[in-house]
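A short worksheet on the structure shown next.
Throughout, read-outs are computed from the coordinates displayed, never taken from laboratory work. Remember, predicted model here, so these are calculated numbers, not experimental data. Cβ coordinates were reconstructed from backbone atoms using ideal geometry, including for glycine residues, and neighbour counts include every protein chain displayed.
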Amino acid sequence: DKGAAKPAAAKQPEGKVYGAGVTAGETVDIAAILEDPTAYENKEVRVEGMVTDVCPKRGCWFEMAGKGPGQKLRFKVKDGVMVFPMDAKGKQAVAQGTVKVRKLTLEETKEYLEYQAKEYGKDYDPAKVTEPTMIVRIDGKGAVIKN
């Protein structure tokens, strides 16, 4: 029956589509996820923000800025599944995936921060790290980088 109405699907944002794209409806604020990560753990979300960094090696992740100062959330995919271009930095992105939370021990925190420092060519002093941290990221299904 050609007259039957189809249910409205969530509209795909305009831009370059990666993976499955973005179909989830309501956007969740990055700040809300970072303030209470366990409330969103293992839930599929849609987030939006400016791309502040892209994996320099394989393009397998990008970071998006939240509205508050210093807020950022990493959107990660398995190497080669999606490849995000370095020129995505500074562009707006919409991403969809599952929130993952990993609590690190103090030793793991030191190793993680040392790795981050090496990756970005920054100095690192393990003596200044006194508390364990938690890594919050989105395991990606799809994204759209706006032009």
Once fully extended, how much extra length lies between Lys57 and Tyr120, figured as 0.36 nm per residue of separation less the alpha-carbon to alpha-carbon distance? 21.5 nm
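Over 23 Å between C-alpha atoms is what I'm after, so list which of Lys78/Lys100; Lys16/Lys118; Lys72/Lys118; Lys118/Lys146; Lys16/Lys122; Lys67/Lys122 land there.
Working: Lys78/Lys100 14 Å; Lys16/Lys118 31 Å; Lys72/Lys118 19 Å; Lys118/Lys146 30 Å; Lys16/Lys122 32 Å; Lys67/Lys122 25 Å.
Cα-Cα > 23 Å for Lys16/Lys118; Lys118/Lys146; Lys16/Lys122; Lys67/Lys122; rest within.
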Label points 7 Å out from Cα along the Cβ direction at Asp29 and Asn147: separation in nm? 3.2 nm
Each label sits 7 Å from Cα toward the beta-carbon; between Glu41 and Lys67 the label points are separated, in nm, by 2.6 nm
For segment 36-147, report the translational diffusion coefficient in µm²/s to the nearest whole number, using Stokes-Einstein at 4 °C, 1.567 mPa s, and a Kirkwood Rh over Cα pairs. 87 µm²/s
Once phi for every residue in segment 107-122 is put through the Karplus expression 6.51 cos²θ - 1.76 cosθ + 1.60 (θ = phi - 60°), the whole-Hz ³J(HN,Hα) values, with Gly and Pro written as x, are 5, 4, 4, 4, 5, 4, 5, 5, 4, 4, 4, 5, 4, 9, x, 10
So, in nm, how far is label Val17 from label Lys103 when the simple model puts each one 7 Å beyond its Cα toward the Cβ? 4.0 nm
Given the options Val47, Val101, Val22, which has the most mean-square fluctuation in a GNM of the chain, springs set between C-alpha atoms less than 10 angstrom apart? Val101
Please name whichever of Val99, Gly59, Leu113 sits farthest to the positive end of the charge dipole of the chain, dipole taken about the Cα centre and charges placed at Cβ: Lys and Arg +1, Asp and Glu -1. Gly59
